[in-house]
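In what follows, a structure is listed as structure tokens, so that the remarks can point back to it.
Please treat every number below as a calculation from the coordinates, not as lab data. All figures in this text were calculated on a predicted structure; none of them were measured in a lab. Heads up, the Cβs are rebuilt from the backbone with ideal geometry, glycines too, and the neighbour counts pull from every protein chain shown.
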Amino acid sequence: MKYVIMFTSTPELDAAVPEERAKEVYGRIWDWFQTHGDQIADGGAELLPVTTATTVKHGPDGPVVVDGPFSEAKEVVGGFSVIDVPDLDAAIELVKTWPSLALPGIAIEIRPMVTDYSQFEQ
């Protein structure tokens, strides 16, 4: 089953991580992708900082464009990948090995992907 895993963090907490520690964890992330390559269906992408975000949302007179993310959450999505594993339990076990989870404010959202669109046919 395919799942999207979205890597989230809290920018203020990210900024507090010493540069050497951040580099060490980033190296472990590279290794993680190499180790688990057989379970990664799409490497996804790392995203630029949330300060570069633009959001289009509904407004009373039609679409409205705003700077920044629409979400009011403190956490921001910093990247995503698509994994292909047997079930949610396997996805959880894989995600538990994500190196950045050792840092404060890091979380990973796991969501099943729609792969069979026939359920939406009318």
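Can you give the helix-only mean residue ellipticity at 222 nm for the chain, where every DSSP H stretch with n ≥ 4 adds -39500 (n - 2.57) and the sum goes over all residues, rounded to the nearest 500 deg cm²/dmol?
My calculation for the chain gives -7000 deg cm²/dmol from helical runs alone.
Among 61-68, 1-8, 99-106, how do they line up from the highest to the lowest mean number of other beta-carbon atoms within 10 Å?
1-8, 99-106, 61-68
Please list 3J(HN,Hα) in residue order for the stretch 81-93, calculated via the Karplus relation 6.51 cos²θ - 1.76 cosθ + 1.60 where θ = phi - 60°; whole Hz, with x for glycine and proline.
For the stretch 81-93, the Karplus curve yields 8, 10, 10, 10, 9, x, 6, 4, 4, 5, 5, 5, 4 Hz.
Return, for the Cα atoms of the stretch 2-120, the radius of gyration and Dmax in Å, separated by a comma.
For the stretch 2-120, the Cα radius of gyration and maximum Cα-Cα distance read 16.4, 50 Å.
Find out how many positive minus negative residues lie around GLY27, taking Lys and Arg as positive, Asp and Glu as negative, among other residues whose Cβ is under 15 Å from that of GLY27.
Working: positive: ARG21, LYS23, ARG28; negative: GLU19, GLU20, GLU24, ASP31, GLU46.
So the environment of GLY27 carries a net charge of -2.
Under the Karplus relation 6.51 cos²θ - 1.76 cosθ + 1.60, θ = phi - 60°, what is the ordered set of whole-Hz ³J(HN,Hα) values for the stretch 106-119, x standing for Gly and Pro?
For the stretch 106-119, the Karplus curve yields 8, 8, 10, 8, 10, 9, x, 8, 6, 10, 10, 7, 4, 5 Hz.
Would you kindly give the portion of the calculated P(r) for the stretch 57-110 that falls above 16 Å, as a percent of all Cα pairs?
Of all Cα-Cα pairs in the stretch 57-110, 59 percent lie more than 16 Å apart.
Only sites in a loop by DSSP and with at most 16 other Cβ atoms within 10 Å count here; which GluC sites (Glu not before Pro) in the stretch 1-93 make the cut?
Those that pass, being in a loop and sparsely packed, are GLU72.
Could you count how many Lys pairs in the chain have their Cα atoms under 22 Å apart, skipping same-chain pairs fewer than 8 positions apart?
For the chain, the number of qualifying lysine pairs is 4.
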